[in-house]
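Input: a single structure, listed below in structure tokens.
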Amino acid sequence: DTEVTQTPKHLVMGMTNKKSLKCEQHMGHRAMYWYKQKAKKPPELMFVYSYEKLSINESVPSRFSPECPNSSLLNLHLHALQPEDSALYLCASSQDLLAGGPWGTDTQYFGPGTRLTVL
Amino acid sequence: KQEVTQIPAALSVPEGENLVLNCSFTDSAIYNLQWFRQDPGKGLTSLLLIQSSQREQTSGRLNASLDKSSGRSTLYIAASQPGDSATYLCAVRPDGGATNKLIFGTGTLLAVQP
């Protein structure tokens, strides 16, 4: 099973709302990622968690707050977003951060994404 | 700063044709390179991963090559089918550090006409 699930599929929120995106994997992966993808653009890395600890924060505004409550779950808490934050938010996981092997323990498996619209 | 470019940006071919997608990167110091496909509004599906020490990887009708010294990778799709229609993205993992940060290319939108 190489499935990463994300909920909700779609989310519409106002600029004063607080909402959360959820990501889950049951592959025993210890690294999890959040990406943001604008229309017709490649994904851009936001955060990386390794063994439930924040490993990378790509200078993301504080209105995005990640959380990794356990090794299977990754949340992204949203507060006071701007219309320009509207995008597809993708979660990914990998076995580890370490490279190696023909397929690589760092091969990233992506979820289907949450389409976020900020009004 | 690593930059990844894909040419062409869009490609339309008739069904059954063999095709090549190109990916180039400016810094040859990479751990590996990964090819993904993305259907409209969906997540990414990993197709192939090539380690920096490898020259190519094959999976079914797909063959990816890597020439690290020249900063190039190609994805060859044999006997294309309408179901291959999608955006294809390459991504490099820079060398150095334990961080699995992928830098994505600009993507190639492929349309296979029945």
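The values are calculated or read from the model by the stated rules, or taken from the named source; none is laboratory data. All of these numbers come straight from a predicted model, not from anything done at the bench. Glycine gets a Cβ as well: all are built from the backbone with ideal geometry, and neighbour counts include every protein chain shown.
Summary table below
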read-out: Residue count, the range B:62-114 (criterion: facing chain A (nearest Cβ under 9 Å), on the phi > 0 side of the Ramachandran plot and hydrophobic (A, V, I, L, M, F, W, C)); value: 0
read-out: Check on A:Lys36, under 22 Å from B:Arg93 (Cα atoms) and more than 14 Å from the chain's Cα centre (by Cα); value: no
read-out: B:Ser69, sole failed condition from (1) touching a residue at least 12 places away in the same chain (Cβ under 8 Å); (2) touching a strand residue (DSSP E or B) at 6+ places or on another chain (Cβ under 9 Å); value: (2)
read-out: Those strands (runs of 3 or more DSSP E) lying entirely in the range A:56-99 with at least 2 residues closer than 27 Å to B:Gln51 by Cβ and modelled with pLDDT of 95 or more; value: A:87-94
read-out: Meets criteria (of a type in the set (Ser, Thr, Tyr) and surrounded by fewer than 15 Cβ atoms within 10 Å (Cβ to Cβ)) for B:Ser46; value: no
read-out: Checklist (1) more than 12 Å from chain B (Cβ to nearest Cβ); (2) surrounded by fewer than 17 Cβ atoms within 10 Å (Cβ to Cβ); (3) without any contact (Cβ under 8 Å) to a residue 60 or more places away in the chain applied to A:Glu24, failing item; value: (2)
read-out: Filtered residues of the range A:46-63 (kept if touching a residue at least 24 places away in the same chain (Cβ under 8 Å) and more than 17 Å from A:Phe110 (Cβ to Cβ)); value: A:Ser50, A:Ser55
read-out: Among (1) part of a strand (DSSP E or B); (2) closer than 26 Å to A:Met32 by Cα - the single one B:Ala111 does not satisfy; value: (2)
read-out: Filter result (within 14 Å of chain A (Cβ to nearest Cβ) and either small (Gly, Ala, Ser) or surrounded by fewer than 18 Cβ atoms within 10 Å (Cβ to Cβ) (or both)) within the range B:49-61; value: B:Ser52, B:Ser53, B:Gln54, B:Arg55, B:Glu56, B:Thr58, B:Ser59
